[in-house]
Amino acid sequence: MASGLRRGLEKWAKNVSGWFGLSLSKEPVPEESLEDLRLAFQNRYHHFKLLLNANNRALEVMTEMEEMLQGTRPFGMTFVRSRCTQVSTAVFQIIQHLNALAPGKYTELYERFRAIQKQINPYISIPHGSVSGPLVLPMDQVDKESGDLVGSKMANLGEVRRHLGVATPEGFAVTVCGVARFFEENDLQVEIDRRVQAVPSDRLDDLFALSAQIQQLIIAAPVPEDLREAVQGQVQALKERLGGRLRFAVRSSSLAEDLPGMSFAGQFRSELNVGEENILQAFKEVVASKYGVAAMTYRLRHGLRDEDVAMCVGCLVMVDAVASGVLYTRNPLNIRDDVLVINAVWGLPKSVVDGSVSPDVWVVSRKEPHTALERRIGEKSVKYVCYPDEGVCRLETAGDERRHASLTDAQVADLARLALQIEAHYGGAQDIEWALDGSGRLVILQTRPFEGRSAADRPVHVAGDDRGVPEGVEVLAEGGVTASSGVASGPVYVVRRDADALQFPEGAVLVVAQALPRWAPLLGRAAAVVSEQGSVAGHLANVAREFRVPALFGLSGVMERLQPGRTVTVDADQGRVYDGLVEIRVERPEERQALMKGTPVYEALEGVSRLILPLHLLDPESPDFSPKKCRSFHDITRFCHEKAVDEMFRFGSEHRFPQKSAKQLKCRVPMQFWIINLDDGFAEEIAGPYVTLDQITSVPMLALWQGMTAIPWEGPPPIDSKGFMSILLEATSNPGLDPSVASPYGVRNYFMISRNFCSLQSRFGFHFSTLEALVDERTSQNYISFQFKGGAADRTRRILRARFVAELLESFDFRCEVREDAAFARLEGRSQDVMVDRLRILGYLIIHTRQLDMVMGNAGSVQHYRSKMLQEIETVRRAEGVSCP
Amino acid sequence: METIRVLLVDDEVEFLDTLLKRMRKRQVEAAGVYSAEDALRYLESSPVDVVVLDVKMPGMDGIDALKAIKERHPLVEVIMLTGHANVEVAIQGMELGAFDYLMKPMDIDELLYKVQDACKKKRLHEKRIQKRKGVEAEEENGTA
């Protein structure tokens, strides 16, 4: 890359020397009318500018893609698709503009472009074409083979029902085909993608708004007739079998929930106790929850494409639970413990899952007769029960119910047995949601593989193994349960309402009353989480473990005790919150390397990057530097840029302006400078032979002029006798450099200008400089190119002087190149202010380095002139107004 | 540069109205219509330099509208605007003569620059045509 740039610079420098061919061209070119010249210039220059714009845009996007390839920041398919589109359009435009600069010369590039584009397409195309299969499937016909059709949640439920005879709810599932049918009928995916793209995704408030919009869009869409009939047919069949009016639990079941390392905990909505007449509405709400904030954030962080998370919906006959809960067949904080952990509450399991109460907890031996090793009866202040008609009611529990165990020891043992039977069937630890119905029967509501693996890798606090309170540190809060292990510090941020969540700062300690799943989207930003209520089994705890955010739940009164904004340290293992930043060494497993790597989204980016980013065309002089050899978009970009510069700077040698159209600059008296207005460089049309500074509108020319005139030239520096000799010798041996030899351009200095463009060909005695600048408010297309060459002294001194100039300019951000006695400098893409400042510096240099080569043999005087010039440059940069010398 | 006459075409009423307001604040003579059909009608009666055209609209879509505009008013420059990142549509649009392709949400200044560039292209194109006509007229005079 670097050498490519360098070569480009050299090549470009070579071209610049022929630019406009004023003083250097050998072949006379026929003169054109000013009007023709202007039109040709404007047209070409317009294409050249647009090409540079497109070129910069393409390179910017490529850089962005390169950064994302590190895989440390989350991105979605929207990123991959939009960047591909940006690069493709930019590259296509580059080709178009190059072909406008040189008609018909590079049309082969279109074929290369097409060929590369064709290879990119499969990575970014949006899959369509529907899966064929039934729209709905009764639970009796579902088992683990049906995963691709009904999602793992329903497939597991069907599996344990059919093959283990375990009690599960009656019902049916709307399959992936059913949901796809609903989306297709309404063209929903296209509209959703469009809206996702239209919102920058890293701001939480935007994301909340977007999520709400998309969900409303889905809920407002009608269910197609065939799906409606299929669902109603299932409901009817169940009614005939079970009798009475049915109420359903309508739950999400995603095809992605089996993906390793991903829990999807609490992302999707479940609608409980839905009346049969509202089942379709609930279906849409559950489907819409795929675009809930938690779910969208989760996909983004895990590199999942929307299509990777196909949704199905289970419609299960509601189990009116007396007690219910969640159990793990292993300890979520230490998988090596030989125990099961059962969480239980009164009523529906909703309050365990959403972390709103502290449940009863039994830690039970995995061995018969499954004795309870630990038994904690929680403060179950509320319970959720079914309304007889529809909906779920939140009830305050009565005093003795609140502290009464929600399961008997016998029920605990039965539950443990059932759970281990399921575990044995699957051959792996399970995470099971269960319910005890009115008749005392245990019903399994959900079972899925228990993701304890990552938790097991972590250091786990072992009771009695207290690290102790570090010396001199104040303990602000103590107690609670470790929901996710670890230690972290940050400023306290209390979230009471959703509105607070919108402004959650990166790296803060999240403090909440309840460990609600609603706060999950904040975990990507939080240093640690502290809650007054909540359980280890809740969704938030799951997500905290997955994101490796230390979490301490059940610290009552902590919201009062932690002052917002104050830095605290949360030691989740020890159950303490300390004041200030406390260094506690914890042996943590390595952070997950590059979170995006290996995900479907990452693979898509990697695939397209191979076709976009690599640069194979390095050497413009090589015969391989040709359209045929362009294998990536970067190659095409590089090739076109090179050729565009060639074509553009050929303008000068191909065109000659009519001398009489040049206006002489008059600054009190006529100056040795002539100005050609290429477009809008004059404030008005000028009739006479002279133009004054106030009539000139050219931003770059005026900046340059300021630099040239701010400090009067003192004349050549006093020279040593050797220096003087070398001038004489060179002058006699090279008559072409003799200023006394007549040439129409020999003594004239030409500015060609437009409002934002300026080209200066100047020759002072033996010194040539060529400057070209484009400066306007569009930063990306700004550039200055400058060449400084010649001198009357011997070659060594001239080379030294070129180096001197290059070094000076490098300190002002120019990219410089010295070849022989010529210095080439280039500056691109800086703001107008910077460009104007740098032009002043160049203006100063053009005048004041004129005969420096004469003192170049003497190190002491070089040093002297350098510091003198740097000093003067500072004066020039501060000078105000445009003046005559 | 003299005033640029822009026609914005988008079925999203709110988006279009905001854009119109912001363009006018930036001294652009902007008009807006909510469909491709209305855009074609508008072009019959009012001179326009640049059309900013949403790709996806109910009724006639942006690509068909682009074809129709380029056929009936070849000098008018068209910038395609879209909510989808769709490479195929983008390239197709440009092959059909669209000046550029922008994805929503775009920076208003970025759009403005593109509008200026597109207009500049149109002006240069017009100048060249005028010039050619001038040359032809001279030749005719010469032979007559």
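The values are calculated or read from the model by the stated rules, or taken from the named source; none is laboratory data. Please read these numbers as outputs of a predicted model, since none were measured by experiment. So basically every Cβ, Gly included, is an ideal-geometry build from the backbone, and we count neighbours across all protein chains shown. Protein only, heavy atoms only, side chains kept; ligands, DNA and RNA dropped before computing areas. Shrake-Rupley method; radii C 1.70, N 1.55, O 1.52, S 1.80 Å.
Right, A:M648: modelled with pLDDT of 85 or more, open to solvent by less than 30 Å² (accessible area, probe 1.4 Å), under 25 Å from A:S33 (Cβ atoms) and assigned to a helix (DSSP H, G or I) or not? Taking the combined requirement at face value, the residue does not satisfy it.
Any residue at all in region A:547-555 that's more than 17 Å from A:V494 (Cα to Cα) and modelled with pLDDT under 85? Taking every residue of region A:547-555 in turn, at least one turns out to be more than 17 Å from A:V494 (Cα to Cα) and modelled with pLDDT under 85. Scanning region A:63-94 for residues that are away from every other protein chain (no Cβ under 11 Å) and open to solvent by 10 Å² or more (accessible area, probe 1.4 Å) yields a total of 11. Give the residue, chosen from A:A102, A:A115, that is in the same structural domain as A:K49 (by TED's automatic domain parsing) and open to solvent by less than 20 Å² (accessible area, probe 1.4 Å). Within the list A:A102, A:A115, the selection yields A:A102.
In the set B:A137, B:A65, only one residue is surrounded by 23 or more Cβ atoms within 10 Å (Cβ to Cβ) and either within 26 Å of B:E2 (Cβ to Cβ) or not β-branched (V, I, T) (or both); that residue is B:A65. In region A:149-164, is there at least one residue being under 23 Å from A:Q189 (Cβ atoms) and of a type in the set (S, T, N, Q)? Checked against the condition, which is being under 23 Å from A:Q189 (Cβ atoms) and of a type in the set (S, T, N, Q), region A:149-164 yields at least one hit.
Which of the residues spanning region A:651-679 are of a type in the set (G, A, S) and at pLDDT 70 or above? Selection gives A:S661, A:A662.
Just checking, does region A:140-158 include any residue being in a helix (DSSP H, G or I), within 14 Å of chain B (Cβ to nearest Cβ) and acidic (D, E)? No; the residues of region A:140-158 include none that is in a helix (DSSP H, G or I), within 14 Å of chain B (Cβ to nearest Cβ) and acidic (D, E).
Conditions tested, residue by residue: (1) of a type in the set (D, E, K, R); (2) in contact with a Pro (Cβ under 9 Å, 6 or more places away or on another chain).
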site	(1), (2)
A:G171	no, yes
A:V174	no, no
A:V179	no, no
A:Q197	no, yes
A:D206	yes, yes
A:L210	no, no
A:E225	yes, no
A:A230	no, yes
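For region A:461-573, list the strands (runs of 3 or more DSSP E) that sit wholly inside it and hold at least 2 residues that are more than 26 Å from A:A212 (Cα to Cα) and touching a residue at least 60 places away in the same chain (Cβ under 8 Å); which are they?
Ranges flagged: A:475-478, A:481-484, A:487-494, A:528-533, A:551-553, A:567-571.
In region A:663-705, the qualifying residues are those that are open to solvent by 30 Å² or more (accessible area, probe 1.4 Å) and assigned to a helix (DSSP H, G or I), and the one that is nearest to A:V882 (Cα to Cα) is A:L702.
In region A:788-811, what residues are touching a helix residue (DSSP H, G or I) at 6+ places or on another chain (Cβ under 6 Å) and either assigned to a helix (DSSP H, G or I) or of a type in the set (A, V, I, L, M, F, W, C) (or both)? If the condition is that a residue be touching a helix residue (DSSP H, G or I) at 6+ places or on another chain (Cβ under 6 Å) and either assigned to a helix (DSSP H, G or I) or of a type in the set (A, V, I, L, M, F, W, C) (or both), then A:F788, A:A792, A:A793, A:R797, A:R798, A:R801 are the ones that fit.
Checked against (1) open to solvent by 10 Å² or more (accessible area, probe 1.4 Å); (2) in contact with a strand residue (DSSP E or B) (Cβ under 9 Å, 6 or more places away or on another chain), A:R162 meets all criteria but (2). Of the residues in region A:626-644, none is farther than 23 Å from A:F48 by Cβ, among the acidic types (D, E) and touching a residue at least 12 places away in the same chain (Cβ under 8 Å).
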